[in-house]
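The values are calculated or read from the model by the stated rules, or taken from the named source; none is laboratory data. The model shown is predicted, which means the values in this text are computed figures rather than measured ones. No Cβ is skipped: glycine too gets one built from the backbone with ideal geometry, and neighbour counts run over all protein chains shown.
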Amino acid sequence: MGRILVIDDEAGVRFGVRSFLQTHGFEVKEAASQRAAEEEFRQSPPDLALLDYSLPDGDGLELIGALKKIDERVPIVMITGHASIDLAVHAVKHGADHFIEKPLKLPALLVIVQRILESYRNRRKQVAVSVYVNRHQLDPFIGESAAMRVLTDEAHHVLDSHAPVLIQGETGTGKGVLAGWLHRHGPRAEEAFVDINCAGLSRELMESELFGHERGAFTGATSAKLGLLDVAHRGTAFLDEIGEIDPQLQPRLLKALEEKRFRRVGDVRDHSVDVRLIAATNRDLGRLAREGKFRSDLYFRINTIALTIPPLRKRPEDIPLLARRIAAGLRQGDVELTPRALRTLQGYAWPGNIRELRNVIERALLHARGAPVLDHADLRFGGESSEPSPASDEDLDLTLEELERKHVERVLRHENNSVEAAAARLGISRSALYQRLKRYRTQLPPPPELSS
């Protein structure tokens with residue numbers, strides 16, 4: 001039903017409210033003072049707080065502001081035995097969602113609590129739905145190949161699970177799309193889905209993004225900040241490119257997953273969290289774990305459920321349907337591709353997978369100037385002519401990382417070593433591209449000197 005925090009200095013009131021709400025399925029915590037309320041709020045943010053106006057170490061209006069700074073999303077109901085219009089107005093201005101008088105009528109309180117929680121959950125659900133509509137335009141299971149049928153069956157089989165999921169696949173295969181699909185079709189669909197890309201972030205920034213920080217924890221931390229795990233409480237946290245996470249942070253992440261508790265940067269108190277983790281990587285984490293480059297205990301923990309998305313070159317029979325779906329979505333209408341165009345698309349190696357296919361189709365639509373049919377001549381691969389470099393036997397012998405490096409360096413050359421342009425063409429951030437180049441030990445030429 002939900003977690004309620006009852007804040008009142010009268011033990012009898014707390015007992016009565018707790019007993020009544022517990023009989024209706026709620027989990028209830030108590031606090032008798034402002035200090036105790038803030039401590040409980042930090043450790044286990046509730047779904048709703050019932051707050052008495054008069055407390056021994058402060059008044060309710062001050063406490064509303066303090067609690068909203070910790071987590072502004074939690075709705076608050078003010079309770080007082082000295083009701084007045086002015087006090088109600090001040091309470092709402094300070095952030096209260098409702099105002100009720102003592103003595104409490106418990107059936108009426110139950111109705112208010114249920115209504116506020118239902119409204120709060122509906123707002124979150126609407127926001128989540130709008131985000132998914134914008135972010136996840138492609139079904140992750142488009143195609144009739146044997147590899148996609150296996151993936152579809154495996155994903156549907158684990159839908160009801162709360163266990164961690166590791167999605168593996170090459171760059172551009174749609175790992176983020178699959179992660180979103182698992183969330184919105186799973187048991188936490190009405191809760192938050194938050195994601196963070198682990199590539200290109202320093203250890204300090206990644207630590208703050210994951211766990212949050214307290215005010216003054218480091219230079220520039222002028223206010224407290226909720227971390228990814230805080231925001232994803234009861235929902236799903238998606239860690240993309242988890243193979244890039246700093247080794248010093250891996251033990252902290254493992255502890256948070258196993259104990260469902262963590263500490264913010266600069267804090268000495270533990271915070272409870274209930275999060276389902278979905279991680280994604282284009283690297284061989286098993287090999288990295290064996291080589292000591294990724295913690296084996298963290299690998300085993302996040303690999304409870306493993307899903308692998310096949311690369312596009314291994315399912316060429318799916319390319320015609322994918323190409324038509326992408327073209328129709330970009331043009332907002334049906335688009336046909338000639339047989340020769342389809343043969344060309346199916347004969348290409350697709351090192352950038354679906355992301356690269358989308359870029360090729362988008363360029364083709366621009367070249368076709370709105371024509372309802374795309375021909376072989378409309379296709380451009382990496383800015384070149386419509387004759388792509390076919391998949392060679394040599395490429396098939398390359399490892400995933402070697403193939404990725406070859407493609408990244410090829411795109412970089414075609415963009416005259418412009419990291420910004422290459423990152424845009426690859427569909428990744430500049431920081432993520434710099435991270436890859438650092439891993440490949442690729443040397444960028446120095447920028448040209450300005451003429452005097």
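Odds and ends about this structure:
- Which numbered condition residue 351 misses (of (1) at pLDDT below 90; (2) over 30 Å from the mean Cα position of the chain (by Cα)): (2)
A quick yes/no check of all residues on (1) at pLDDT below 90; (2) more than 20 Å from residue 196 (Cβ to Cβ):
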position	(1), (2)
249	no, no
266	yes, no
269	yes, yes
280	no, no
287	no, yes
294	no, no
301	no, no
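Residue by residue, here is whether (1) in contact with a Phe, Trp or Tyr (Cβ under 7 Å, 6 or more places away or on another chain); (2) hydroxyl-bearing (Ser, Thr, Tyr) holds:
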| position | (1), (2) |
| --- | --- |
| 222 | no, yes |
| 229 | yes, no |
| 237 | no, no |
| 258 | no, no |
| 265 | yes, no |
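- Test result for residue 20, touching a residue at least 40 places away in the same chain (Cβ under 8 Å), in a helix (DSSP H, G or I) and farther than 30 Å from residue 227 by Cβ: yes
- Residue within the stretch 229-241 that is more than 14 Å from the chain's Cα centre (by Cα) and at pLDDT below 90 present: no
- The condition (being within 25 Å of residue 44 (Cα to Cα), in contact with an Asp or Glu (Cβ under 9 Å, 6 or more places away or on another chain) and free of Cβ contacts under 8 Å to residues at least 12 places away in the same chain) is satisfied by just one residue among 214, 259: 259.
- Residue 312 more than 16 Å from the chain's Cα centre (by Cα) and either surrounded by 23 or more Cβ atoms within 10 Å (Cβ to Cβ) or not assigned by TED's automatic domain parsing to the domain that holds residue 179 (or both): yes
- Residue 317 vs. criteria within 30 Å of residue 189 (Cβ to Cβ), of a type in the set (D, E, K, R) and not assigned by TED's automatic domain parsing to the domain that holds residue 37: no
- Residue check, residue 343 at pLDDT below 80 and not small (Gly, Ala, Ser): no
One line per residue, one yes/no per condition, for (1) under 30 Å from residue 3 (Cα atoms); (2) touching a Gly at 6+ places or on another chain (Cβ under 8 Å); (3) surrounded by fewer than 17 Cβ atoms within 10 Å (Cβ to Cβ); (4) among the hydrophobic types (A, V, I, L, M, F, W, C):
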{"site": "210", "(1), (2), (3), (4)": "yes, yes, no, yes"}
{"site": "264", "(1), (2), (3), (4)": "yes, yes, no, no"}
{"site": "276", "(1), (2), (3), (4)": "yes, yes, no, no"}
{"site": "279", "(1), (2), (3), (4)": "yes, no, no, yes"}
{"site": "290", "(1), (2), (3), (4)": "no, no, yes, no"}
{"site": "297", "(1), (2), (3), (4)": "no, no, yes, no"}
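- Residue 235 vs. criteria within 25 Å of residue 74 (Cα to Cα), touching a residue at least 60 places away in the same chain (Cβ under 8 Å) and assigned by TED's automatic domain parsing to the domain that holds residue 142: no
- Count of the stretch 1-18 residues which are within 16 Å of residue 271 (Cβ to Cβ) and either at pLDDT below 90 or more than 35 Å from the chain's Cα centre (by Cα) (or both): 1
- Of the set (1) assigned to a helix (DSSP H, G or I); (2) surrounded by 18 or more Cβ atoms within 10 Å (Cβ to Cβ), all apply to residue 149 but (2).
- Going through (1) closer than 28 Å to residue 188 by Cα; (2) under 30 Å from the mean Cα position of the chain (by Cα); (3) buried (at least 18 other Cβ atoms within 10 Å of the Cβ) one by one, residue 21 falls short only on (2).
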